[in-house]
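Chemist: Take a look at this one; I'll ask things after.
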Amino acid sequence: MSELKTAEEKAAEERRGPAAVRRGGPPHATIGMPTEKSQDFVPSAKRVLRLMGPERVVVWAVVALAVGSVLLNAVGPKILGTATDIVFAGVFGSQIPPGVTQEQAAQDLRARGEDQVADMLAVMDYVVPGQGIDFSALGRVLLIVLGIYLVAALLQLFQGRLLTGAVNRTIFRLRRDVEDKLNRLPLPYFDGQPRGELLSRVTNDIDNVAQSLQQTLSQLLTSLLTVVAMVSMMVWISPLLAVIALVTIPVTMAVTRAIGKRSQSHFVQQWKSTGEVNGVVEETFTGHELVKVFGRQAEADREFAVRNDALHHASFRAQFISGSIMPTMMFIGNLNYVVIAVIGGLRVSTGAMSLGDVQAFIQYSRQFTQPLTQVASMANLMQSGVASAERVFAILDAPEQDPDTASAVAVGGTRGRVAFEDVSFSYRADTPLIEHLDLVVEPGQTVAIVGPTGAGKTTLVNLILRFYELDGGRITLDGVDITDLTRHDLRSRIGMVLQDTWLFGGTIRENIAYGRPDATDEDVLEAARATYVDRFVHALPDGYETVLNAEADNISAGERQLITIARAFLAAPSLLILDEATSSVDTRTELLVQHAMSALRSDRTSFVIAHRLSTIRDADVILVMEEGRIVERGSHAELLAAGGPFAALYAAQFAGAATDLDEIPAGQAELARPLGR
Amino acid sequence: MLYRLTRTYLAPYAVPLTVLLVLQLVATLASLYLPSLNGRIIDEGVAVGDTAFIIRAGAVMLVVSLVQVAATIAATRIGAQTSASLGRDVRSSVFRRVGQFSAQELSRFGAPTLISRSTNDVTQVQQVTYMFLAMMVSAPLMMVGGIFMAVREDAGLSWLVAVAVPALAVAVGLIIVRMVPHFRAMQKSVDSVNRILREQITGVRVVRAFVREDVERERFAVANRTYTGTALAVGKLMALAFPVVTVIFNASTVAVLWFGALRIEDGDMQIGALTAFMAYLIQILMSVMMATFMSMMIPRASVSAGRIQEVLGTESSVHAPTDPVAIPRGPVSVELRGVTFAYPGAEAPVLREVSLHAEPGTTTAVVGSTGAGKTTLLGLVPRLHDVTSGQVLVGGVDVRDADPEDLWAHIGLVPQRPYLFSGTVASNLRYGDPDATDDELWEALRVAQAEDFVRAMPQGLESPIAQGGTNVSGGQRQRLAIARALVSKAGVYLFDDAFSALDVATDARLRAALRPVTRNAAVLVVAQRVSTIIHADQIVVLDGGVVVGSGTHQQLLDTCPTYVEIVESQQAMEEAA
């Protein structure tokens, strides 16, 4: 079973995350992504550069090396042109009889009516009449060129290595800072946005910043320098030819922009079509059994064929248009080459230019178009890199949770008396949730909280953990305001089993030991036995070493929940919070777990939120919450006798069923709960 | 893998591919002709001062350039067209193949991987095919042609080609070979960095509640360091690649000049030929480099092709019979006779020797703990799986002998996860019967206790439904799924834990409304809640894949300890009974 999914693929699925899956675009068509504009380009770009601050020295060294290698690479062809001239001169020299001067030979040619060749000869260097190619001069020149190229390559190598180090260290620091920041952000920050969005910022956006930084820094500088150097060399060799070559710049720009514009819309179309095909595929595969049993396969096939054809068309157009950029550029390059070859040839034959210079010029003109297009494409890359950086900066700039009080009190052995004093809290300022709540829980008591979805049950227990800051009033633990404790101190006294059965991607053993890293194998086993984890673990191929994957879809929701209970069990805290701890477990198993849980609760203060009223019969106090208020409190028997809201709930639920119509099944909870309540 | 897949799927495009090959050949020849013309400008024009020849040769060069760009663009067009067609065809094959899969193959692969195989993997193969057709095809042509032209210009210098080409290929190849494992390592380490971040975000409450921030920070720091380490290794190799290539190019040029000069001095070569030779050598080296770099894409695409082949090569375990037996019209019964079902390779079967008989007009409930095999049992009826041994009969016909379409037409299914499709309320309900009238839809909604909330939606039946039904609540989704099954007016209804998100009162109303509509149908219900099944005509108790009791509620209370445990676990039930 598992060998069908490679590790890489699983990782890929995970990496893409929910947001990416929903967007469903092709992974490589980055060109097709609608270009994102940054909010405020210049300040943000500056801030990105400031990230490189600690690498200042390295960056300057990189710049110096880049200048050096570009300059050396630029003079190379010119010197190489001299070599061609030496060869050419040798060809001519061997045709002139020895003893005759260069001028005389030219005059002879003119006398024979070969004015043009004469003009050429008259201005030629290195011509020694009667002698062929001057090999010592040629050898010297070629050795110099070789040396120049070698040094240039070395400089380039050092530059590349230094730069990659600087960029990677910078990104390392950025990642570290962002992760650090995540630990200091208050919980409402996480609740306030879709998880996929935040996730995409800390992963995709940082990757994008890294990539843009690496590419722009290494290429932008070299490309710009190269363009400048090449143009100067061309102007130096022949201003006339330089003008001709430079004419191609605006032409190239115009053509690439025109094609780019056209292809952009095709890429957007391709992106859209891909999304649509992915949508049909996702839906048909996910609803596979329904499609079959309802006999809709043919319908699905038709639907798919239509989308697939549209994608075929769109991807053909996009590919074709973008694919024609290169040949078109090549054509412009060739035109340039032809014109330079012809005009250069004419100029050589009139003696206005040497053959070696034409040769060099052709090399320059071929080399300067490429960096030019690179600079142009860099603009988009920079835009998207800075836009990503802005999203990352937004995280770094988000307000942090209140720091722990400096004079934090260290409380000794907790007895577990919890008191809410006139507590008010709301997620949004305009919609009050909990108002003026008072509640005292004595050590060792079990408090059950019941009520409809959205009544504030989970919120209430989250406040004890100080996941949220109060708007008014205070909560005390053994008489000490919880804001006077460090979060570490407070939370290490509390064990919690959440609605959200989050497990990390590790083995079952590691997950159980999460709350107590120093636990022995025997401790883990004991916790597992008490919470019935041991029973199903043996049916798994790798037992306790079974690795839970990110989606944790290799074990059932009920089994996940049992593991989270074992985790809390092992942590053995003095205060226990059970939020819908057994909602995904079937009633028979639940009953068994209940026994374990009551053992766990016996000498601890416990808060229990439950849907199934049957599970809270033996609670010391039952609180009935509605709209953030406690509308009723008392023991099971008292409340039933009172015939109030609890009795009504109880009657509605005579079979231990779910209370709420609109209760979201556990599996979907993660996706559908915007506020983490 | 890649080769086999592309060969199969490119076969229908032999004609355009031949045209493409010809066009690439023309383009290559044209671009190879340019340096030779330039050489002649020097030898026959510049050196002898023939201005007219220079201009004439220039004009020819222009024409050749035009031919080259036209041929290249035409080839690009065919390449884009063909690779897009290949993508379409492969995608459609995968989609159709998965459509034939039974639930067994689907769960063996898993929906997410099948989705990525039919989308991302296909894109990958399509991309490489395009690259190959647009660029790689011309590389060997350019190489062969370049060598031919270079030799023609001057055979004496051709040994330089024989040295420069392998030198470049080996240098670039070595760098790439060293880079590939780093790339893999980098992918892995970026995945682990992102996985930890993902866990920290999704598990923020747990991390904080268990005060594990420091441990998480350390875990992340390790991953971040590993990632930076591999990224640096890759970066350093990259930094090496460009200078090495430049040096080889430049050294070749220098060598051509030196050895060319020697040959010119001996009168074996003209100076124009030297220039042309230099241009050819550069062209050859360029194409070698292109080919080497592009071959980097092949391993990745090959993995994708393998994953696609794996899907295409998987046969459905459920086959349609060649000679189907028709299931009788009208009310049908459902019968399981000594059914055993095991997943292939599993040690223990999920169901063992299960028998039950459900007459039309009766309700049969299946209860048991999680993992008892209830859902598997229901899935056997519409042949989502096939039995390992024993028989499943619908209307007296073994389901394996019936035409699947015929079988499915008799079945209304409400699965455990009430999945809805994107569209509208009406389009979802018409899944059961495309020709149902609005009145019929409303009737189904009424029975499913969904009428009120659909009426309350501003657009009623035409209200939009998001993919999966995520824009309605769990309870609403469940009721819409029930209504969808009812619209099909089936002879057999399968409700797999279909009432779990409903409160007891709604559950009771729904069951009451259901009774008249299903009076001629065999109804199978899987449920957790005892109240849902208390009035069923028969209750089958499953435990560990075995039937441990069957009968009515009262009978089972007397005879079946497992059933009693289930009932007792729902304590409040005792008081009600």
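Chemist: Restricting attention to the stretch B:525-545, does a residue exist that is assigned to a helix (DSSP H, G or I) and surrounded by fewer than 20 Cβ atoms within 10 Å (Cβ to Cβ)?
Modeler: no
Chemist: Please verify whether B:Leu514 is among the aliphatic types (A, V, I, L, M) and in a strand (DSSP E or B), treating the condition exactly as stated.
Modeler: no
Chemist: Hey, another quick one. So which residues in the stretch B:252-271 are more than 7 Å from chain A (Cβ to nearest Cβ), among the aliphatic types (A, V, I, L, M) and either farther than 18 Å from B:Val151 by Cβ or buried (at least 21 other Cβ atoms within 10 Å of the Cβ) (or both), if there are any at all?
Modeler: Scanning the stretch B:252-271 gives B:Val256, B:Met269.
Yes/no matrix, rows are residues, columns are (1) outside any helix (DSSP H, G or I); (2) of a type in the set (Val, Ile, Thr); (3) modelled with pLDDT under 80:
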residue	(1), (2), (3)
B:Trp258	no, no, no
B:Ala261	no, no, no
B:Phe277	no, no, no
B:Tyr280	no, no, no
B:Ile284	no, yes, no
B:Phe293	no, no, yes
B:Pro299	no, no, yes
B:Ser302	no, no, no
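Chemist: Anything in the stretch A:251-291 that is out of contact with any Gly (no Cβ under 7 Å at 6 or more places or on another chain), β-branched (Val, Ile, Thr) and over 30 Å from B:Arg417 (Cβ atoms)? List them, or say none.
Modeler: A:Val251, A:Thr252, A:Val255, A:Thr256, A:Ile259, listed by residue number.
Chemist: Further, regarding this structure: Of all residues being touching a Leu at 6+ places or on another chain (Cβ under 8 Å) and more than 7 Å from every other protein chain (Cβ to nearest Cβ) in the stretch B:85-99, which is farthest from A:Gly275 (Cα to Cα)? Just the residue, please.
Modeler: Among them, the one singled out is B:Arg97.
Residues are listed down the side, and each one gets a yes or a no for (1) surrounded by fewer than 22 Cβ atoms within 10 Å (Cβ to Cβ); (2) under 25 Å from B:Ala409 (Cα atoms); (3) in contact with a Pro (Cβ under 9 Å, 6 or more places away or on another chain); (4) of a type outside the set (Gly, Ala, Ser):
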{"residue": "B:Gln467", "(1), (2), (3), (4)": "yes, yes, no, yes"}
{"residue": "B:Thr470", "(1), (2), (3), (4)": "yes, no, no, yes"}
{"residue": "B:Arg477", "(1), (2), (3), (4)": "no, yes, yes, yes"}
{"residue": "B:Ala490", "(1), (2), (3), (4)": "no, yes, no, no"}
{"residue": "B:Ala498", "(1), (2), (3), (4)": "no, yes, yes, no"}
{"residue": "B:Ala501", "(1), (2), (3), (4)": "no, no, yes, no"}
{"residue": "B:Leu510", "(1), (2), (3), (4)": "yes, yes, no, yes"}
{"residue": "B:Pro516", "(1), (2), (3), (4)": "yes, yes, no, yes"}
{"residue": "B:Ala521", "(1), (2), (3), (4)": "no, yes, yes, no"}
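Chemist: Within the stretch A:164-175, does at least one residue satisfy the condition of being of a type in the set (D, E, K, R), assigned by TED's automatic domain parsing to the domain that holds A:Ala45 and crowded, with 21+ Cβ neighbours inside 10 Å?
Modeler: Yes, the stretch A:164-175 has at least one match.
Chemist: Select, from A:Ile555, A:Ile475, A:Ile482, the only residue that is modelled with pLDDT under 85, crowded, with 17+ Cβ neighbours inside 10 Å and away from every other protein chain (no Cβ under 12 Å).
Modeler: It is A:Ile482.
Chemist: List the pairs whose first member sits in the stretch B:352-373 and is touching a residue at least 60 places away in the same chain (Cβ under 8 Å) and away from every other protein chain (no Cβ under 14 Å), whose second member is surrounded by fewer than 20 Cβ atoms within 10 Å (Cβ to Cβ) and basic (Lys, Arg), and whose Cβ atoms are under 7 Å apart, counting only residues at least 6 apart or on separate chains?
Modeler: Final answer for the pair search is B:Ser355/B:Arg337; B:Gly361/B:Arg519.
Chemist: So, in the stretch B:330-369, how many residues would count as being buried (at least 21 other Cβ atoms within 10 Å of the Cβ), in a strand (DSSP E or B) and of a type in the set (Gly, Ala, Ser)?
Modeler: Final tally of qualifying residues: 2.
Chemist: Sticking with this structure for a sec: Here are some residues: B:Phe220, B:Phe242, B:Phe249. Which one is facing chain A (nearest Cβ under 7 Å), modelled with pLDDT of 85 or more and either more than 30 Å from B:Gln270 (Cα to Cα) or more than 31 Å from the chain's Cα centre (by Cα) (or both)?
Modeler: B:Phe220
Chemist: Within the set of pairs 6 or more residues apart or between chains, which connect a residue that is assigned by TED's automatic domain parsing to the domain that holds B:Pro35 inside the stretch B:49-75 to a residue that is in a helix (DSSP H, G or I) and among the aromatic types (Phe, Trp, Tyr) with Cβ atoms less than 7 Å apart?
Modeler: Filtered contacts from the stretch B:49-75: B:Val64/B:Tyr33; B:Ser65/A:Phe331; B:Val69/A:Phe331.
Chemist: Sticking with this one: Determine, yes or no, whether B:Ser31 is in contact with a Ser or Thr (Cβ under 6 Å, 6 or more places away or on another chain), buried (at least 21 other Cβ atoms within 10 Å of the Cβ) and facing chain A (nearest Cβ under 9 Å).
Modeler: When the stated conditions are applied, B:Ser31 does not pass them.
Chemist: Tell me whether the stretch B:404-414 contains one or more residues that are among the acidic types (Asp, Glu) and under 30 Å from B:Glu353 (Cα atoms).
Modeler: For the stretch B:404-414, residues among the acidic types (Asp, Glu) and under 30 Å from B:Glu353 (Cα atoms): present.
Chemist: Specify which of the listed residues (A:Gln131, A:Gln156) is touching a residue at least 60 places away in the same chain (Cβ under 8 Å) and not assigned by TED's automatic domain parsing to the domain that holds A:Leu465.
Modeler: Of A:Gln131, A:Gln156, the one residue that is touching a residue at least 60 places away in the same chain (Cβ under 8 Å) and not assigned by TED's automatic domain parsing to the domain that holds A:Leu465 is A:Gln156.
Chemist: Being under 30 Å from A:Tyr364 (Cα atoms), crowded, with 21+ Cβ neighbours inside 10 Å and within 11 Å of another protein chain (Cβ to nearest Cβ) is the requirement here; does B:Leu274 meet it?
Modeler: When the stated conditions are applied, B:Leu274 passes them.
Chemist: I'd like to verify a number: residues in the stretch B:69-119 that are at pLDDT 85 or above and not in a helix (DSSP H, G or I), how many?
Modeler: Residues that pass the stated criteria total 1.
Chemist: For the stretch A:184-199, does any single residue satisfy the condition of being more than 9 Å from chain B (Cβ to nearest Cβ), touching a Gly at 6+ places or on another chain (Cβ under 7 Å), farther than 30 Å from A:Ala341 by Cα and of a type outside the set (A, V, I, L, M, F, W, C)?
Modeler: Yes, the stretch A:184-199 contains a residue that is more than 9 Å from chain B (Cβ to nearest Cβ), touching a Gly at 6+ places or on another chain (Cβ under 7 Å), farther than 30 Å from A:Ala341 by Cα and of a type outside the set (A, V, I, L, M, F, W, C).
Chemist: May I ask you to verify whether A:Met382 is farther than 30 Å from A:Thr84 by Cα, under 29 Å from the mean Cα position of the chain (by Cα) and surrounded by fewer than 22 Cβ atoms within 10 Å (Cβ to Cβ)?
Modeler: It is true that A:Met382 is farther than 30 Å from A:Thr84 by Cα, under 29 Å from the mean Cα position of the chain (by Cα) and surrounded by fewer than 22 Cβ atoms within 10 Å (Cβ to Cβ).
Chemist: Could you pull out the residue among A:Phe316, A:Phe331 that is part of a helix (DSSP H, G or I), aromatic (Phe, Trp, Tyr), surrounded by 22 or more Cβ atoms within 10 Å (Cβ to Cβ) and at the interface with chain B (Cβ under 7 Å from one of its Cβ atoms)?
Modeler: The conditions single out A:Phe316.
Chemist: Suppose the filter is assigned to a helix (DSSP H, G or I), closer than 26 Å to B:Ser192 by Cβ and either facing another protein chain (nearest Cβ under 10 Å) or modelled with pLDDT under 80 (or both); does A:Ala210 pass it?
Modeler: Answer is yes for this residue.
Chemist: Quick one: in the stretch B:442-465, which of the residues that are under 36 Å from the mean Cα position of the chain (by Cα), modelled with pLDDT under 90 and within 26 Å of B:Arg515 (Cβ to Cβ) is surrounded by the fewest Cβ atoms within 10 Å (Cβ to Cβ)?
Modeler: The residue in question is B:Leu461.
Chemist: Let me ask you something else. From the list B:Leu380, B:Leu407, pick out the single residue that is buried (at least 20 other Cβ atoms within 10 Å of the Cβ) and either more than 11 Å from chain A (Cβ to nearest Cβ) or among the acidic types (Asp, Glu) (or both).
Modeler: The conditions single out B:Leu380.
Chemist: Right, here's the next one. Being basic (Lys, Arg), within 9 Å of another protein chain (Cβ to nearest Cβ) and farther than 18 Å from B:Ala522 by Cβ is the requirement here; does B:Arg417 meet it?
Modeler: For B:Arg417, the condition - basic (Lys, Arg), within 9 Å of another protein chain (Cβ to nearest Cβ) and farther than 18 Å from B:Ala522 by Cβ - is met.
Chemist: Please list, ordered by first then second residue, the pairs with beta carbon atoms under 7 Å, 6 or more apart or interchain, first in the stretch B:404-425 and of a type in the set (Gly, Ala, Ser), second surrounded by fewer than 17 Cβ atoms within 10 Å (Cβ to Cβ) and in a loop (DSSP other than H, G, I, E, B).
Modeler: Pairs that qualify, where the first residue is of a type in the set (Gly, Ala, Ser) and the partner is surrounded by fewer than 17 Cβ atoms within 10 Å (Cβ to Cβ) and in a loop (DSSP other than H, G, I, E, B), are B:Ser422/B:Ala466.
The values are calculated or read from the model by the stated rules, or taken from the named source; none is laboratory data. Remember, it's a predicted structure, so these values are computed and weren't measured experimentally. Positions of Cβ are generated from backbone atoms using ideal geometry, with glycine treated the same way; all protein chains shown enter the neighbour counts.
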